[in-house]
Amino acid sequence: MFIDTADISVKAGGGGDGYISFRHEKFVDRGGPDGGDGGDGGDVVVVASLNQNTLAKFRYKKELTAQSGKPGFKQKKHGKSGKDLEIILPVGTSVISKDGDIIADLVEDGQKQVIAQGGKGGFGNAHFVSSRRQAPRLADKGEPGEELELRLELKLIADVGIVGLPNAGKSTFLSSVSNAQPEIANYAFTTLTPNLGVVDIAKDKSLLLADVPGIIENASKGKGLGIEFLRHIERTSVLLHLIDIYQEDIKEAYKTITKELAGYKIDLTKKPQVVALSKAEGMPEDMVKDRQAELAKVLPKGTKVFVVSAVSGLNVRELLFALREAVDKQQQIQQVEAEESDQLPVLSLPENKSGWQVNRKGKKLVVTGQKIERFARRTDFSNDQAVARLRDIMKKMGIIHQLQRMDIEVDQQIVIGDPKIGQFDY
């Protein structure tokens with residue numbers, strides 16, 4: 001079954017907790033703390049593979065979780081780190097956050113990218129030994145791994161995308177020139193799933209063609225198969241626009257497809273197009289010329305209209321060479337644009353990870369900031385020494401001074417980030 005979209009949730013592994021332990025060995029007086037650190041949690045990694053061609057396996061398996069790190073142990077033994085979870089996806093898959101941001105775009109076989117980072121393991125009490133704190137009875141908690149709600153979208157990677165109204169002869173053309181075997185019927189019928197086919201033109205020249213489901217009016221607004229098919233021609237270099245030569249109004253057929261391509265979230269009419277009238281076998285030559293002339297009235301000036309027949313092979317070879325030439329030209333342009341964009345410097349301000357804010361919400365004071373929230377996530381709030389250490393950190397960062405300026409009262413509750421992260425009384 002061909003499935004090209006899937007919604008999943010991923011969770012990276014949490015870090016293991018640090019361990020509180022003291023050496024208890026015979027003849028070793030005051031052996032000191034020897035609690036080990038917890039292991040790091042596993043990352044969630046997406047991997048592109050040409051051996052996959054559908055997202056069907058994610059239809060029912062919606063929750064994917066990496067392995068968590070193990071807690072530390074006595075004798076300064078570190079916990080084992082969790083294994084990364086590798087998610088194998090077809091080449092051409094985009095990983096999109098619930099906010100619509102593209103987290104990963106897999107376009108090459110073997111490409112890997114971390115999409116959710118595992119939590120760091122907590123420090124054991126051996127880590128906190130100092131001249132002032134010689135017998136610490138505190139240890140860090142492991143950090144939780146990242147959790148994300150994601151959408152997977154598979155977009156076929158092909159040189160040429162074949163577009164046209166239903167029954168324009170797209171599948172017949174693809175099956176006649178390539179090794180693809182799309183479903184074909186002798187009635188008004190449209191392909192329901194995209195098909196890929198490789199065409200060998202010459203010794204060292206080939207084309208990868210994608211036949212997408214037929215386009216109907218208002219498809220870009222969701223009618224019929226909607227944008228489900230348009231997604232698969234986003235990555236193509238060139239579009240082959242096939243129009244049935246026996247279409248009652250070929251000008252309107254061309255306008256309908258062009259309108260839908262322009263109405264997509266990305267204006268697909270900006271892609272180079274090659275236009276061809278299909279199913280020309282048996283039509284008299286004078287009628288063919290009339291059809292060409294009629295269509296030329298709505299085409300951009302200088303556009304050549306091919307007249308082809310997939311059944312008889314009429315002008316098919318000439319059309320394939322024209323497509324190969326258009327693809328080569330477009331890929332050269334894209335390569336130049338990519339090289340120029342790489343040369344442009346990207347200037348941005350560095351992220352201030354130490355920044356923080358204090359806001360009053362009702363009777364509570366809420367402290368937010370990347371660095372302080374991370375310390376809070378690692379703090380065991382049931383351990384008085386751990387909470388005291390967090391207070392010391394807040395004092396060094398200037399947060400306690402700000403709380404005092406805001407007239408904080410004794411026993412007033414302080415929340416750091418989300419209440420789930422940590423809260424304690426002043």
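Things worth noting here:
- Looking at the stretch 86-134, the trypsin sites (Lys or Arg not before Pro) that sit in a DSSP loop and have at most 16 other Cβ atoms within 10 Å of their own Cβ are LYS98, ARG132, ARG133.
- Within the stretch 1-154, the proportion of C-alpha pairs whose separation exceeds 28 Å stands at 38%.
- Helix-only arithmetic for the chain: the sum of -39500 (n - 2.57) across DSSP H runs with n ≥ 4, divided by the residue total, places the mean residue ellipticity at 222 nm at -7000 deg cm²/dmol.
- Hz values of 3J(HN,Hα) by residue in the stretch 8-23 - Karplus curve (6.51, -1.76, 1.60), Gly and Pro given as x: 9, 10, 10, 9, 6, x, x, x, x, 6, x, 10, 9, 7, 10, 5
- Qualifying GluC sites (Glu not before Pro) for the stretch 37-137 [loop in DSSP, other Cβ within 10 Å: at most 16]: GLU108
- Overall form of the stretch 357-425 per C-alpha gyration tensor (a/c, 1.5; a/b vs b/c): rounded
- Gap separating the Cα centres of the stretch 76-137 and the stretch 386-426, nearest whole Å: 28 Å
- Computed from Cα atoms, the angle from the helix 384-397 axis to the main principal axis of the chain rounds to 70 degrees.
- Computed log₁₀ I(q)/I(0) - Debye formula, equal Cα scatterers, no solvent, the stretch 226-365, q 0.08, 0.12, 0.19 Å⁻¹: -0.38, -0.63, -1.21
- Exposure proxy ranking, count of Cβ atoms within 10 Å, fewest first, for ILE257, ILE266, ILE250, ILE103: ILE266, ILE103, ILE250, ILE257
- Charge dipole (Cα centre; +1 on Lys/Arg Cβ, -1 on Asp/Glu Cβ; no other charges) of the stretch 221-319 amounts to roughly 580 debye.
- Going from the residue with the fewest nearby Cβ atoms within 10 Å to the one with the most, HIS232, HIS241, HIS24 rank HIS24, HIS241, HIS232.
- Under 5 Å from the amide H of ASP244 lie the amide H atoms of SER278, each residue being 5 or more positions distant or on a separate chain, with H modelled from the backbone and absent for Pro and chain starts.
- The magnitude of the dipole of the stretch 1-154, with charges of +1 and -1 set on the Cβ of Lys/Arg and Asp/Glu and taken from the Cα centre, is near 1140 debye.
- Taking other Cβ atoms within 10 Å as a rough exposure proxy, SER312, SER341 sort from fewest to most as SER341, SER312.
- Charge dipole of the chain about the Cα centre (unit charges at C-beta), most positive-ward option of TYR60, LEU319, GLN413: GLN413
Readers should treat all values here as calculations from the given coordinates under stated rules, not as data from a laboratory. Keep in mind that what you see is a predicted model, and the values were worked out from it rather than measured. In this analysis, Cβ positions are derived from the backbone assuming ideal geometry, glycine residues included, and neighbour counts consider all displayed protein chains.
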